[in-house]
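The values are calculated or read from the model by the stated rules, or taken from the named source; none is laboratory data. Bear in mind that the values here come from a model prediction, so they are computed numbers and not experimental data. Positions of Cβ are backbone-derived with ideal geometry, glycine not excepted, and every protein chain shown enters the neighbour counts.
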Amino acid sequence: MSEQLLSREQQLIEPREYASNGNGHDASRDLTLADFIPKSEWTIDDAIETYNIDRWGLGYFGINDAGHVTISPSREAGATIDIMDVIKDAEDWNLRFPLVIRFQDLLRDRVVNLNKAFADSINEQNYQGSYFGVFPIKVNQLREVVEEIEDAGRPFHYGLEAGSKPELFAALATHSDSEAVIICNGYKDSAFIRTALLGNKLGKKVIMIAEKVEEVKSIVEIAREIGVKPIIGVRIRLAAKSTGIWSTSGGESAKFGLSTMDLIEAIDYLHSVDAIDSLQLVHFHIGSQIPDILSIKRATREATRYYAKLVKMGLTGIHYIDVGGGLGVDYDGSRTSFHSSTNYTMEDYAADTVYNIMDVCDEEQVAHPHIVSESGRAIVAHHSLLVVRVFGAIEKTKSEYDLSVKRSDHRWVKQLQKIKERIEENPRDALHDTLQIKDESQNAFDLGILDLRTKAKIETFYWHIIEEVADLFKRRAEDPNTDEEIPEEIADLTPHLADQYLCNFSVFQSLLDHWALGQIFPIMPIHRLNELPNIHGTLVDITCDSDGKVSKFADIKDVRTTLPLHALQNGDPYYVGFFLTGAYQDIMGDLHNLFGRVNEAHVFLDPDEETGFYIEETIAGNSISQVLELTQYHEKELVRRMKVQIDDAIKSDRLKPNEAMRMLNEYEKGLQDHTYLTFNGKG
């Protein structure tokens, strides 16, 4: 093994550490660089560091001198696009927000880089097999995405993976390279098997992965019935497990795969029917988004041991080992084993996979198999960006709130005024006294002895005092002449102090993994990054669900509970981007509140264009009538029922005929509208 590989084997990246302040949260984490830099000294470099864009962006994303986020879909090999230019073009196309922007050239770059990583590792280590990657359609089934990946992967014989009958139908029609494989995962009925065997009849390398012994028997029987030789793979249920959110996908209690006893039974059956040469692949999968390279190494070595033992049992027809998916994405830029990160690169993944397969095979003295991987997230995550428009804010404190105190005001209001005046003397005492008054006033209100105006004034003072106390501790923590830290009780108040920025989108439709699994995505403003972000905020969507919010944000040391944002200005559009959303989010979104799919713009690089790109295609999001159809509210029937009610209103003189017809026309027209909010003709 080379010196480079030895160092890789020996290098351990420490897992993410959390501060032990009693609640698992680092009390200083919601402070950012922006808290310690005067407005006049703020630079683009400060913005890059605040949002960690140079870490999670992998060279694709940056910030230009205008303070706009940029994207370089081919990294240093191609042009750089100002995303605000894309937004302007999208608006010229009358596309409303929220808007998904897909950069097709970035898809190609990811495919090329994955195949190059494996090719380089195979050459460097003198591995005797080849690499045949496949893209799992389930990660993003959009036709334009799959076709772009297939086209980019054609020089590498890059194939597809299907886990259901609909995906298999799409894969068979799209697949056109006889050297590339189609992997069929998931449980299979006779129709699934017959469809896969049709691909074999057409000369395609369709490999069906058996998830249970009965599937092996069904594949052989149906193949003989229609006169074609099947290609069978077996998924091994490994003892090795992953870590992170999807760790339950692996291990001995996993949903899919054959136990060792099942494997022996399947082999004995294949021998008994003289079909052992159909078994050509060993497969394993321990989960999506594997954060720790050590999990990958352990699983790869265990699965290769199965392969080697099978070959030594005389199954020399096995040519492939499929390492499944799991190649992760460093969503937060921390480069750790945290569940939304990875402590390895794509190149590390390829090198370690090749090395560990080769090492076990050489030890067992068996031939090196061809390697198949089903990396999906790492291929498509970066290419897609969700842009939303902020249309308002829910603020705890406002400069126009009345803090004047009259002689007639309640004693608690007068006490709060005095507390506010002496905050600098002892901020901790000011905090405690304020909390006490707040509790007492709430109790008084619950008993019915406190009026609304007094309660409103107490709450106004309360939030202003809390904000001033927090700011004071921030300044003291910044002072190099003191060793003072942010008190835990102040840190606990930070999320409550944050402004809530109202965003025109649905978390349930566009960011389902964040809501359901706590997946962290990089989120930041698209523009104004040459200005100091002076607001700590959270993001809330337009659904009528309290879970429709984003209050966990990527950071290299911990999960932040607030995001640095800019103050809204005179109704001017303020755009926020949700990055690395290309994997799973498009297809898994639900219709909570009947907010449908959003508009899309597909962008290609073009050096002949002044902006360096053009929008090649747009896909309209769901209209109101389309999402209503999905729940059995048919457009014609809805209009008919409204017309009956309007006719009755005319007959009873509640409406004039002209007004009634105008209302009916507006109703019919509204059914064709976008499901999201519209502001001045835009999203």
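Selection over region 179-191 of residues that are within 33 Å of the chain's Cα centre (by Cα) and surrounded by fewer than 22 Cβ atoms within 10 Å (Cβ to Cβ) gives a count of 5.
One residue alone among Ile490, Ile466 is among the hydrophobic types (A, V, I, L, M, F, W, C) and at pLDDT 75 or above, and that residue is Ile466. Of all residues in region 91-120, those being surrounded by fewer than 19 Cβ atoms within 10 Å (Cβ to Cβ), without any contact (Cβ under 8 Å) to a residue 60 or more places away in the chain and not basic (Lys, Arg) number 4. Here the helices (runs of 4 or more DSSP H) wholly within region 486-555 that include at least 2 residues being among the polar types (S, T, N, Q) are 507-510.
The residue that is farthest from the chain's Cα centre (by Cα), among those in region 629-641 that are of a type outside the set (Val, Ile, Thr) and assigned to a loop (DSSP other than H, G, I, E, B), is His634. Scanning region 80-102 turns up no residue that is of a type in the set (Phe, Trp, Tyr), over 30 Å from Ile542 (Cα atoms) and within 20 Å of the chain's Cα centre (by Cα).
Looking across region 642-682, the residues that are aliphatic (A, V, I, L, M), surrounded by 12 or more Cβ atoms within 10 Å (Cβ to Cβ) and part of a helix (DSSP H, G or I) come down to Met642, Ile646, Ala649, Ile650, Ala660, Met661, Met663, Leu664.
Being of a type in the set (Lys, Arg), over 15 Å from the mean Cα position of the chain (by Cα) and surrounded by fewer than 22 Cβ atoms within 10 Å (Cβ to Cβ) is a property that does not hold for Arg560.
Looking across region 585-601, not a single residue is surrounded by fewer than 20 Cβ atoms within 10 Å (Cβ to Cβ) and either of a type in the set (Phe, Trp, Tyr) or touching a strand residue (DSSP E or B) at 6+ places or on another chain (Cβ under 7 Å) (or both).
Can you name the residue in region 243-279 that is outside any helix (DSSP H, G or I) and at pLDDT 95 or above and, of all such residues, is nearest to the chain's Cα centre (by Cα)? The extreme case among them is Leu279.
For region 64-90, filtering for residues that are without any contact (Cβ under 8 Å) to a residue 40 or more places away in the chain and either closer than 17 Å to Asp606 by Cβ or assigned to a helix (DSSP H, G or I) (or both) leaves 6.
From the list Val372, Val360, Val366, the lone residue that is within 30 Å of Ile587 (Cα to Cα) and of a type in the set (A, V, I, L, M, F, W, C) is Val372.
Only one of the listed residues (Ala660, Ala601, Ala583) is out of contact with any Leu (no Cβ under 9 Å at 6 or more places or on another chain) and within 30 Å of Phe103 (Cα to Cα). That residue is Ala583. Could you please find all residues in region 334-393 being hydroxyl-bearing (Ser, Thr, Tyr), within 23 Å of Ile83 (Cβ to Cβ) and out of contact with any helix residue (DSSP H, G or I) (no Cβ under 8 Å at 6 or more places or on another chain)? Scanning region 334-393 gives a single hit, Ser340.
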